[in-house]
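Colleague: Once you've had a glance at the structure underneath, I'll fire off some questions.
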Amino acid sequence: MMQSLRSRTSSVKEVGIEIVYRLGFNNALYSIECFRSGGNVNEKNDYCLVENFTDDEGEAELFLKRLVKGKVFPVHIKELVEDFFN
């Protein structure tokens with residue numbers, strides 16, 4: 001299972017930035033992948049993967065929706081996972 005949502009945002013330097021958020025389920029745990037479209041997956045500002053952060057589907061989907069609503073960049077995902085799930 002994989003659920004994917006997108007947001008569009010702007011920064012001081014750029015307009016129309018697309019951020020993709022993918023919620024995945026594997027081995028009874030949820031993971032989230034977040035990346036900037038057209039970005040460099042080797043850059044922490046453009047890509048993040050946090051694996052196995054919860055086993056609760058409702059919490060995982062709520063977290064995903066909050067990320068999209070807040071237009072969160074990949075660089076901030078790990079800290080938000082820690083804050084939300086601890």
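The values are calculated or read from the model by the stated rules, or taken from the named source; none is laboratory data. Here the structure is a predicted model, which is why all the values come from computation and not from measurement. Positions of Cβ are generated from backbone atoms using ideal geometry, with glycine treated the same way; all protein chains shown enter the neighbour counts. Keep in mind that these areas ignore ligands, DNA and RNA; they rest on the heavy atoms of the full protein, side chains included. Shrake-Rupley method; radii C 1.70, N 1.55, O 1.52, S 1.80 Å.
Colleague: Six or more apart or on different chains, Cβ under 6 Å: which pairs go from a residue in the range 47-74 that's closer than 14 Å to residue 3 by Cα and open to solvent by 20 Å² or more (accessible area, probe 1.4 Å) to one that's polar (S, T, N, Q) and not in a loop (DSSP other than H, G, I, E, B)? Could you list them?
Modeller: Partner pairs satisfying both residue conditions: 68/7.
Colleague: Next question. Search the range 1-24 for residues being within 14 Å of the chain's Cα centre (by Cα) and open to solvent by 80 Å² or more (accessible area, probe 1.4 Å), and hand back the single one that is farthest from residue 55 (Cα to Cα).
Modeller: Here the residue is 8.
Colleague: Can you name the number of the only condition in (1) among the basic types (Lys, Arg); (2) touching a residue at least 12 places away in the same chain (Cβ under 8 Å); (3) out of contact with any helix residue (DSSP H, G or I) (no Cβ under 6 Å at 6 or more places or on another chain) that residue 44 fails?
Modeller: All conditions pass for residue 44, except number (3).
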